[in-house]
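The values are calculated or read from the model by the stated rules, or taken from the named source; none is laboratory data. Here the structure is a predicted model, which is why all the values come from computation and not from measurement. Here the Cβ is made from the backbone with ideal geometry for all residues, glycine too, and neighbour counts use every protein chain on show.
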Amino acid sequence: MTLTINEIFYSIQGESSRAGERCVFVRLTACDLRCTWCDTAYAFTEGRKMPLDDIVASVASHPCDLVEITGGEPLLQKPVVALMERLLALGKTVMVETGGHLPIHDLPPAVIRIVDVKCPGSGEASRMHWPNLDVLTPRDEVKFVVGDRADYEYARDVIRRHDLGTRCAAVHLAPVHGSTDLQALAAWMLEDAVPARFQVQLHKYIWGPEVRGV
Ligand code: SF4
């Protein structure tokens, strides 16, 4: 069994409620979305096939129990479920970040699912698989990348309509790095008392926005 892998690396988690913790990242190749602000376009095609055993060995070589499977879109490759099961069996805490357009209901229950809801500014909002929000549990997280006021209002309304603030572990509003007005987003969140966290991408402040594999 193989997966096409873009990169595996050990770093500081830059996003989610685990931001700031040490984490091993497994980035899978390919994505069927094209978000306007995508910062991992290099993962659309670059990568190499790796046997599951080699992927697990690479992850296990790092002194870290937190693993994030990401992309690209990690759920496009079906053997990713077997990888999750192997990592869970090793005692790892496994997170997966998905674009929100593919079903998440059949992933192993112990996996922490971080589901993106694409806002209008991404150009991909219409692709959302809305039933994903119905199967969220208190261990899962939701992320909205917010480019402007219209994106913010979209996110705020989805959060309210689906009661996300009480149904999952965390909801993140993430500005587009380098373009969203940070102070405006903070003011909107405060004014509306939206039950979400303001999430910057920590890794871009540590290593710079263009550095890969960190
Ligand atoms: S889903 Fe992620 S990898 Fe795919 S285009 Fe959007 S930001 Fe890029």
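Annotations
- Test: residue in region 45-60 that is assigned to a loop (DSSP other than H, G, I, E, B), surrounded by 18 or more Cβ atoms within 10 Å (Cβ to Cβ) and touching a Ser or Thr at 6+ places or on another chain (Cβ under 8 Å): yes
- Where helices (runs of 4 or more DSSP H) fall wholly inside region 148-212, the ranges with 1 or more residues that are under 23 Å from Pro138 (Cα atoms) are 149-161, 164-167, 182-192.
- For beta carbons closer than 7 Å, sequence separation of 6+ or different chains, a first residue in region 64-78 that is free of Cβ contacts under 8 Å to residues at least 60 places away in the same chain and a second that is of a type in the set (Lys, Arg), the qualifying pairs are Cys64/Arg22; Asp65/Lys92; Leu66/Arg18; Leu66/Arg22; Val67/Lys92; Thr70/Arg27.
- Only residues that are in a loop (DSSP other than H, G, I, E, B), of a type in the set (D, E, K, R) and more than 7 Å from the ligand (Cβ to nearest atom) were counted across region 22-38, and they come to 1.
- One residue stands out in region 130-145 among those that are aliphatic (A, V, I, L, M) and more than 16 Å from the ligand (Cβ to nearest atom): the one that is farthest from Pro195 (Cα to Cα), namely Val135.
- Residue check for Val94: of a type in the set (Val, Ile, Thr) and either assigned to a helix (DSSP H, G or I) or touching a Ser or Thr at 6+ places or on another chain (Cβ under 8 Å) (or both): no
- Region 107-127: number of residues that are more than 17 Å from Met95 (Cβ to Cβ) and either away from the ligand (no atom under 15 Å from the Cβ) or not in a loop (DSSP other than H, G, I, E, B) (or both): 6
- All of Val135, Val96 fail the test of being buried (at least 23 other Cβ atoms within 10 Å of the Cβ) and modelled with pLDDT of 95 or more, apart from Val96.
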